[in-house]
Structure formats: C-alpha cells, structure tokens
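Working notes for the structure below.
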Amino acid sequence: MRKYVIMGVQGSGKGTQSKMLAEDLDLVHIGVGDIFRWNVQNHTKLGAQVRRTMAEGELVGDDLVEAVVRDRLTQHDWNYGFIIDGFPRSRRQAEFFLESYDIDAVIVLDLPDSEVRRRVLSRRLCADCGMDYNLIDSTPKEAGKCDMCGGELVTREDDTEEALEVRLRQWHEQAEAVLEIFRRKEYVFVVDARPAPEIIQQRIRQSLGLPPYRPRIEDSSGANGLPASQASTASRPGTASRPGTESQAPAGSQTASA
Ligand code: AMP
C-alpha cells in the first residue's frame, strides 16, 4: 500500500505525473481540483458552492475541502494505495490529513513563476471530454478541436492572468506552511518540473525507490478503445492528458456536497 501526496503550483504537471505514477502501480489518482471541476461542469450543489471561488483563483474553504477528501477516501477503493493531487493546501488541511493517514512521501514539483505563466496561459481543455492541451508544445491536430472527440477547446475558467497571480501568491504563502508540517516527518522531496514529463517521472520513481516508468501498452484495440496508432499519441504524457474524471463523475464527487 502506497500513499503519496503531490504538490505543485498550477501548471506544474501534477495531474500528468500523478497519472503516470498511478498507471502501473494501480494507485487511485485523486485530483481534488478535478472533483470540484466536475461538479461545476455538472451544475451540482457543490459546484455552485465553489464555482466563483475557483474562477477567481482563490482556495475553497477548508471545511468543504475536507468533507470532499474524507468522502472520497472513505470509499476505500484504493487497495494498492493512492496519490492525492491538489491537497493539502493549507496548514489545517495538512493536519487534518495526517490525523487519519500515514503518508509515504510528498512529491513537490518545482517550477519558476515565469514558466508557470507561460504554461498556464497557453493551456486549453476540451469542453466535452476534458482532455488537456498546451498550445506551446502539444497543439491539437486541428486548431480549436479536440483530437480525441472533436469537442471544442476552451480556456479553463481559472486560467486567466488575474486568477493566476492570485494562485501564484497563494502557492508561495501556503506551500511553505504545508511543507513545514510534512518536513517534520521527513517525507518531502522536490523535483524540477521543467524537463519532459517522462524524465520527471523517472526522477520521482528513483527518489521513491520504485521501478522505472513503463507506459502501459494496451491490447490491439488500443488505449481508451482507440486504434493502437492513435492510442500511443493519446496516452503520451504531457501531450494531451486526461484527468480521468471530467467526462464521468469522479467517485464520490456527487455526494460530497457538505
Ligand atoms: P487544481 O486543479 O488543483 O489547480 O485546483 C483548482 C481549484 O480548485 C483551486 O484553484 C481551488 O479553487 C480549488 N481547490 C483544489 N484543491 C483545493 C484545496 N486543497 N484547498 C482549497 N481549494 C482547492
């Protein structure tokens, strides 16, 4: 059983790295931001509660976040462990978390603010299936259209310059407070988030003493039901990564409306 936390500023690749780590280790990837986004997109009560906060780049209140995380983790579908992304983001959340769970490691993806701005402002999301694109180095084949489903590519509501500045400020303030708590237990290691996703993943695995990353090769029908030729592109990390939660409810997302 492995339990990891992954932290990093917006655009640092938390989702991509979490998915690569979860893939062959059979970990459940829990993206707290993904759970909130799903609720916003699907107009749930929880979505209505968090929409404006998210769009402004502010943090959702600790009570609500803790309720969502508690609800998700008490589903106990993580037989081999989990990797939680986007949580904790405050001292209180960290303390709440450590009261209930022993963590094996905290992975911190480190990215300079200038690179964060460059990445985030060029990020696009498929309005239909949720696939992530980056207009700098993972452009869709047809401008404005999702390679996977043909859906329209849109900008995430919180990927604006104003919201980004708020989030960068928050990251610098809150991350230190959270890391101070984790450092007491000597869990933390920091990884440079600038290299290619595969290189970052190998470094993470080396630090965690895990076997090297080997992308899962699907059967002849290909990943996600695609032909193998398309599947290899679709699953290329950092090219177009799908949080895995957008088109269907992340488990527990609908009930977590405390
Ligand atoms: P992310 O996908 O991790 O960038 O999160 C998107 C947004 O969801 C954040 O800007 C916050 O508004 C909200 N959010 C996600 N995780 C947390 C958290 N642990 N605490 C507070 N707000 C959060």
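The values are calculated or read from the model by the stated rules, or taken from the named source; none is laboratory data. This is a predicted model, so every value here is computed, not measured. Glycine gets a Cβ as well: all are built from the backbone with ideal geometry, and neighbour counts include every protein chain shown. Protein only, heavy atoms only, side chains kept; ligands, DNA and RNA dropped before computing areas. Shrake-Rupley method; radii C 1.70, N 1.55, O 1.52, S 1.80 Å.
For the stretch 127-146, the condition of being open to solvent by less than 20 Å² (accessible area, probe 1.4 Å), part of a helix (DSSP H, G or I) and touching a residue at least 12 places away in the same chain (Cβ under 8 Å) holds for none of the residues. Note on the stretch 5-48: among residues that are over 22 Å from Tyr187 (Cα atoms) and of a type in the set (Lys, Arg), the one that is nearest to the ligand (Cβ to nearest atom) is Arg37.
Residues in the stretch 3-26 that are in a helix (DSSP H, G or I) and more than 19 Å from Gly209 (Cα to Cα): Lys14, Gly15, Thr16.
Among the candidates Pro215, Pro197, the residue that is in contact with a Ser or Thr (Cβ under 7 Å, 6 or more places away or on another chain), open to solvent by 20 Å² or more (accessible area, probe 1.4 Å), at pLDDT below 90 and on the phi < 0 side of the Ramachandran plot is uniquely Pro215. Looking across Arg72, Arg51, one residue alone is open to solvent by 50 Å² or more (accessible area, probe 1.4 Å) and either near the ligand (Cβ under 9 Å from one of its atoms) or farther than 19 Å from Leu179 by Cα (or both). It is Arg51. Taken together, the residues in the stretch 75-102 that are hydrophobic (A, V, I, L, M, F, W, C), open to solvent by 10 Å² or more (accessible area, probe 1.4 Å) and either within 15 Å of the ligand (Cβ to nearest atom) or closer than 12 Å to Gly8 by Cβ (or both) amount to 2. Considering the stretch 113-122, the residues that are touching a residue at least 24 places away in the same chain (Cβ under 8 Å) and of a type outside the set (Val, Ile, Thr) include one that is nearest to the ligand (Cβ to nearest atom), namely Arg119. If you go through the stretch 30-50 and keep only what is free of Cβ contacts under 8 Å to residues at least 12 places away in the same chain and assigned to a helix (DSSP H, G or I), you end up with Gly47, Ala48.
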